Every structure is written in C-alpha cells, then in structure tokens.
1. Rounded to the nearest 5, what is the percent of antiparallel bridges among the DSSP beta bridges in the chain?
2. Among L112, I13, N147, which residue has its Cα positioned farthest towards the positive end of the charge dipole of segment 5-163, with +1 placed on the Cβ of Lys and Arg, -1 on the Cβ of Asp and Glu, and the dipole taken about the Cα centre?
3. Go ahead and estimate [θ] at 222 nm for the chain from helices alone: -39,500 (n - 2.57) per DSSP H run with n ≥ 4, summed, over the residue count, rounded to 500.
4. What percent does the relative contact order of the chain come to when contacts are Cα pairs within less than 8 Å and at least six residues apart?
5. Given H placed on each backbone N at 1.01 Å, which residues far from L159 in sequence or on other chains put an amide H within less than 5 Å of it?
6. Give the distance, in whole Å, between the Cα centre of segment 136-183 and the Cα centre of segment 24-103.
7. Where in segment 133-148 does the amide nitrogen come within less than 12 Å of the point 7 Å from the Cα of Q18, taken along Cα to Cβ?
8. Ranking C58, C102 by Cβ neighbours within 10 Å, fewest first, what do you get?
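What follows draws every value from the coordinates through simple rules; no lab data is involved. Just so we're clear, the structure is a prediction, and the values are computed from it rather than from any experiment. Note that we place each Cβ from the backbone using ideal geometry, even for glycine, and neighbour counts take in every protein chain shown.
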Amino acid sequence: MRFARTLGKKGKILKNEQGQRPRVAFSSLTIVSNKGDMVPMSKFNGKKLLLVNTASDCGYTAQYSELQELQERFPELVIIGFPANDFKEQEKGNDADIARFCQLNFGVTFTLAAKSSVIKGPHQNNVFRWLTDQGFNGWNNQQPEWNFSKYLVSSAGILEYYFGPAVSPLSKEVVGAVTATGF
C-alpha cells in the first residue's frame, strides 16, 4: 500500500501504491485563509494540490523559496502553506506577520492558510485531520514529522504522497510526482 524511502533524517516518502480512494471527499473540506476568508477545497477540483505545514523560524524555512519556485514552474499546481506552531515554538507570529515574512523574505505568492495546528489533537486543522487519518483519506496515518512535511493530493482528490520535511520541494521525487500523468 505504501513504501518508505529514506533520504536522510526526516526524508521519508510514502506513496498510495494501491490507489486507495478516500472515504471522505477532500472537496468537502474548507480552510480559513490567512486573510480570514473561508476557502472550500471544492474550489480546486480538477487540480493537484501540495499541502505543506510551515513555520517561519525553522531549519527548513528556506523551503519557502523552493515552494515558490515550484509554484512558478507549475502554475497549474495549487500550493497551500499551513503555518503552525506545533514544533518547538517555531511559528510565533500572527497571520499578518507570517504573510509579511513570507512575502518579504521569499516572495511567496501561493496561498497561506490561517495559522492552526497540524498535529493530532482537539484543535487539529480539518485538512490535516483528513491527510493524516486513513479513516478519511483511505490509506495514510502519517503525521507531519516536523515543519515542511508535504502531502500531494491528485486532481481527483486522492492523497497520493507524503514527503517528509527533508525532501526538497524541487527534488526529483516531488517534481516527478507533480508532473506524473494519470492522477
């Protein structure tokens, strides 16, 4: 059903090898943007999405640049960053501070969700609850290992991959998954 490959510390890659379909439609979910708007995931029907938990004060924060480059190379891909303060207080700012930091330091133009929790618990963001519970997504229980864990959802709303924090958004694995046809 899935495989793990190590690319170094936190470089895990899991794939939906069996093509398991979600038990709950991804398009039924909604997020709050960093501007306070409700954004239904159905807005992105027919598009691939890369969903990433982010933080402004992390060793992986430079991946914001790589995510922005990926967005520019593949404008049909929807990238959504989910700022979270779940790992050692690495996202202390509010939504406006985070957006300003991302724009000024990394030129981020992709969507940022409102700051929320991405790890299991009563306040977990509903998108990350879906991404990390096989009861919803059909196969994956992998929680974010750290900031900049990445989840790729197909244009059909199927969770296809989990990429650990150490996997660069510009790696051959991520780019290959983004450019693969058939999902």
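1. Once the DSSP bridges in the chain are tallied, antiparallel ones form about 60 percent.
2. I13
3. Calculated from helices alone, the mean residue ellipticity at 222 nm is -6000 deg cm²/dmol.
4. 31
5. Those qualifying (amide H under 5 Å, at least 5 residues apart or on another chain) are S154.
6. What the calculation gives is 14 Å, centre to centre.
7. Label zone hits: 138-140.
8. C58, C102
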